[in-house]
Amino acid sequence: MIKNYLLTAWRNLRRNPFYSVINISGLAIGLAVGMLILLWVKDELSFDSFHKQADHIYKITSHIGSGNNPLVWDVAPSPLAVFSRHSVPEVARTARVMQRWNELLTTYGHGTFLETNTAFADPDFFTIFDFPLLKGNRNHPFNDDHSIVITASTARRYFGNADPMGKTLVIDHTDNFTVTGVLADFPENSSIRFDMIFPMDLYAHTFGGNGPWKTIDEDLGNFGFDVYLQLKPIASPAAVEQKLTAIYRDKKGPTGKTNFFTLQPLLSRHLIAADGNRGALSVVHIFTAVAILILVIAGINYVNLSTARSMLRSREVSVRKIIGAGRPQLFFQFVTESVLLFLLASVLAFGLIMLLLPLYNNLAAKHLTFSLKDPGVWLVIGCTIIGTLAAASVYPALLLSAFRPIDALRGKIGSLGGVSSASFRKILVVTQFACSAGLIISTIVIRDQLRYIREKDLGFDQSRVFSVNMRDGMHNHYHAIINELQRFPAVQDVAAADAGLAGMESETGDTWWEGKDASKMFVIQQAQINENFIPTLKMQLVAGSNFTGLPADSTHYIINETAVKAIGLPNPIGKSFSLHDKRGTIIGVVRDFNFASLKEKVKPLIFVYDSAAWVLYIRTRPGRAADAIAAVRHSWQQYDGAYPFSYSFLDDDFDKMYRADQRVGTLFNVFALVAIIISCLGLFGLATYSAQIRTKEIGIRRVLGASITQVTSLLARDFVALIGLAFVIAAPIAGYFMSGWLHNYVYRTPLTVGIFAGTAVIILALALLTICTQAIRAALASPVKNLRTE
């Protein structure tokens, strides 16, 4: 019986190659793209899940200040780890991690490398987390504060295939560190990834104190540590939060009474920000929905063509029933055809996945793998194929097997549940193009927002400006280098600051001014600049004056407009202001500028004078960037030649903030294109079928004088109406969801009528192009030949 089903199914596929190709290609593209998206979703949801105790690992999140600018940081003071170990019985283990932001010049023998991804960590880091330790003792990873644990790929860079254990690496030409452990490379789906890990004791021994706090175990003012807690299985995270907050407030005194701490589950860190922003998780949900939509569109093609061709197969079904075939036999016959078609489409889809995966990884910035040996891959494949097959094959099989022989022999179309196959096809066409229209609207909105980000006035001029982080040699000759560069023809301006402008992260609550509410903490962004910084970046002073470069600037401050509003001083020029207990005077107010992502509001900012900061900013003259870079490189090689020279342009630094959004935009473009291709493929098949069953009608109309335009309009009219209805349905739904996505940005482009009008034009133009190719072909056919068609 099964053999007969398969043989009949194969003959039917061969008998109708045109429809078979449309069905197989549409399903293959849909399955391939759907599975690629779901592989991406699976990877995003799998972050950090490989740790055995992942459900019990949390990271401390700090909530700082109150009033108009409360802050949420995903870092915490070091003593919270000490409090957790000694005073919170619900905590099983704690580990502090601090990333080293400075670059390390590391040598072994004649090999020299610049390491940029290193950190300090407590020994319990290796017991809380299950990163495979290939060599060394997990319970005793460091022998002393000059030990180091490196990854396997780092070990290969320095030592090749030799055993790295016990070997010595020289850091910055002065410090020797002995390798006491080798970690397997951190998994791609880990939110924690470093190349080298130093003992936290090293940082503790070099700590010079912070005001009244002499050790890192006492320093309540430095929120620079990632503090991880492994709770006992029955522990309540809420109880731990309350205890840590109470202990901190007791130790910190009145100045810490507005601060509190929460625990963020490790498994949520990748997709949910410390402040609760769920933008990344929303993208995962959106991509999941897109995968389902594309699979639905591909399935609809099959259902549409199967039900459309039901009249052509009605007599076949009737004859089968008359000679004794039961409805179950007919049902399984048509399901077998669907299964065979899906198997062929699946094989083609696997080939497409293997072909497209490198390009997809490049677009998504992932390292996804597709292996039929991976159970996770089969889970995705199984859910995708079974779900799509079930949805796309059951209705056609039920419809075809439900024909009444006497009606079918009379040429009547069957129905199921009171809904005719023609009506059901219309519903599916509307659904299909509503999905496509929604994706196009989403793509246009994302494109417009990304363009808005690129073109928005940030409050300063970032064009033709690059920065260089100086090392000790250049910094020791700072003034001489500045004077030399200013005389160079390719250099327009030179300035300096203590950090990169894009994403400045140095904040403090150690502030005072006359009239400040002592019960509230005011947190302000701080940056040290020289007198050339504001004019070089072409920032605007809205009140007061700039730094002059004279010694008096050491007690002068410049704040931004947001800071003026936050501190409540309408006329701040000349007013006293204290930063870190250093009393000074506000001499200027700079116009607000965006130094963080446009997803955030401009924060209060204060500029402090520093005559010799560590980051050079060079504005080049038009067309002379290469010459200016060469001049700075010459100074670098003269004073810091042992280190690799590197620089970055400001516009590139700000673009990095939106790379994830840009990838989302690119992927959406691809997904929308795929959805349109699949939809148009199905529409092409339906248009062909519509022309086929109306062949005699077309012939009669042509004989009676109907023009090609009239015949084409006749065939296209119904489809255009359905596509128009699809757009009407899709527009408000897509607008609602994209409005929610835009709210991830404080500064955003508006949803205009033009976006929806443009989508309507695109979707109608593509549909008409698809339909009219077949309609015109049918209209141009010989009327005599059409009238002879049986």
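The values are calculated or read from the model by the stated rules, or taken from the named source; none is laboratory data. These figures come from a predicted structure and were not determined experimentally. Every residue, glycine as well, gets a Cβ built from its backbone with ideal geometry; the counts of neighbours run over all protein chains shown. Quick note on the areas: whole protein, heavy atoms, side chains included, nothing else; ligands and nucleic acids left out. Shrake-Rupley method; radii C 1.70, N 1.55, O 1.52, S 1.80 Å.
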Pick from the range 471-507, criterion farther than 23 Å from P604 by Cα and of a type in the set (D, E), ranking: modelled with the lowest pLDDT: D472
Single residue of I29, I37, I60 found to be under 24 Å from D510 (Cα atoms) and either assigned to a helix (DSSP H, G or I) or touching a residue at least 40 places away in the same chain (Cβ under 8 Å) (or both): I60
Being more than 20 Å from F593 (Cβ to Cβ), open to solvent by less than 60 Å² (accessible area, probe 1.4 Å) and touching a helix residue (DSSP H, G or I) at 6+ places or on another chain (Cβ under 7 Å) is the requirement here; does I481 meet it? yes
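Conditions (1) modelled with pLDDT of 85 or more; (2) open to solvent by 50 Å² or more (accessible area, probe 1.4 Å); (3) closer than 30 Å to T151 by Cα, marked per residue:
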site: P237; (1), (2), (3): yes, no, no
site: T255; (1), (2), (3): no, yes, no
site: L266; (1), (2), (3): yes, no, yes
site: G279; (1), (2), (3): no, no, no
For the range 169-231, give me every one of the strands (runs of 3 or more DSSP E) that falls completely inside it and has 1 or more residues that are in contact with a His (Cβ under 7 Å, 6 or more places away or on another chain). 175-183, 226-231
D553 being outside any loop (DSSP other than H, G, I, E, B) and of a type in the set (D, E, K, R): yes
Within the range 568-585, work out how many residues are aliphatic (A, V, I, L, M) and touching a Ser or Thr at 6+ places or on another chain (Cβ under 8 Å). 1
Matching entry among R748, R777, R717 (being outside any loop (DSSP other than H, G, I, E, B), at pLDDT 70 or above, among the basic types (K, R) and open to solvent by 50 Å² or more (accessible area, probe 1.4 Å)): R717
With respect to G740, determine if the residue is more than 23 Å from L673 (Cβ to Cβ), open to solvent by less than 70 Å² (accessible area, probe 1.4 Å) and in a helix (DSSP H, G or I). yes
If I go through the range 242-253 residue by residue, how many of them are open to solvent by 50 Å² or more (accessible area, probe 1.4 Å) and touching a Leu at 6+ places or on another chain (Cβ under 8 Å)? 1
Across the range 625-661, what is the total count of residues that are part of a helix (DSSP H, G or I), in contact with a helix residue (DSSP H, G or I) (Cβ under 7 Å, 6 or more places away or on another chain) and open to solvent by 60 Å² or more (accessible area, probe 1.4 Å)? 1
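Conditions tested, residue by residue: (1) within 20 Å of T112 (Cβ to Cβ); (2) not hydrophobic (A, V, I, L, M, F, W, C).
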| residue | (1), (2) |
| --- | --- |
| H146 | yes, yes |
| T151 | yes, yes |
| A155 | yes, no |
| G166 | no, yes |
| L169 | yes, no |
| T180 | no, yes |
| A184 | no, no |
| M196 | yes, no |
| P199 | no, yes |
Conditions (1) over 27 Å from P732 (Cα atoms); (2) modelled with pLDDT under 80: number failed by V468: (2)
What are the pairs, 6+ residues apart or on separate chains, where a residue within the range 352-363 that is open to solvent by 70 Å² or more (accessible area, probe 1.4 Å) has its Cβ under 7 Å from a residue that is acidic (D, E) and modelled with pLDDT of 90 or more? none
For L38, only one of the following conditions fails: (1) open to solvent by 20 Å² or more (accessible area, probe 1.4 Å); (2) modelled with pLDDT of 90 or more; (3) closer than 25 Å to G351 by Cβ. What is its number? (2)
Go through (1) modelled with pLDDT under 75; (2) surrounded by 21 or more Cβ atoms within 10 Å (Cβ to Cβ) one by one and return the number of the condition A9 breaks. (2)
Residue check, V72 modelled with pLDDT of 95 or more, over 30 Å from M354 (Cβ atoms) and of a type in the set (A, V, I, L, M, F, W, C): no
Here is a list of conditions, (1) assigned to a helix (DSSP H, G or I); (2) modelled with pLDDT under 85; (3) open to solvent by less than 30 Å² (accessible area, probe 1.4 Å), and A706 meets all of them except one; can you say which number that is? (1)
Can you tell me which residue in the range 63-90 is least open to solvent (accessible area, probe 1.4 Å), limited to those that are over 26 Å from N189 (Cβ atoms) and in a strand (DSSP E or B)? I64
List every residue pair whose Cβ atoms sit under 8 Å apart, with the two residues 6 or more apart in sequence or on different chains, where the first one lies in the range 164-177 and is farther than 19 Å from Y643 by Cβ and the second, anywhere, is aromatic (F, W, Y). P164/Y158; K167/Y108; K167/Y158; K167/F159; T168/Y108; T168/F177
Reported set for the range 109-127 where residues are within 28 Å of the chain's Cα centre (by Cα) and in a helix (DSSP H, G or I) is F125
Restricting attention to the range 164-176, and to residues there that are within 37 Å of the chain's Cα centre (by Cα) and not β-branched (V, I, T), which single residue is farthest from I150 (Cα to Cα)? D172
Taking the range 132-168 on its own, how many of its residues are open to solvent by less than 60 Å² (accessible area, probe 1.4 Å) and in a strand (DSSP E or B)? 7
Pairs please, first residue from the range 113-141 and over 18 Å from V91 (Cα atoms) and β-branched (V, I, T), second anywhere and open to solvent by less than 50 Å² (accessible area, probe 1.4 Å) and in a strand (DSSP E or B), Cβ atoms under 7 Å, 6+ apart in sequence or on different chains. T118/R100; T118/L104; T118/M196; T118/F198
Restricting to the range 556-595, count the residues that are part of a loop (DSSP other than H, G, I, E, B), surrounded by fewer than 20 Cβ atoms within 10 Å (Cβ to Cβ) and of a type in the set (D, E, K, R). 3
Looking at V761 and the list (1) in contact with a helix residue (DSSP H, G or I) (Cβ under 9 Å, 6 or more places away or on another chain); (2) open to solvent by 50 Å² or more (accessible area, probe 1.4 Å); (3) modelled with pLDDT of 85 or more, which single condition is not satisfied? (1)
With respect to K538, determine if the residue is part of a loop (DSSP other than H, G, I, E, B) and modelled with pLDDT under 90. no
Just for the range 540-555: of the residues that are in contact (Cβ under 8 Å) with a residue 60 or more places away in the chain and touching an Asp or Glu at 6+ places or on another chain (Cβ under 8 Å), which one is surrounded by the most Cβ atoms within 10 Å (Cβ to Cβ)? F547
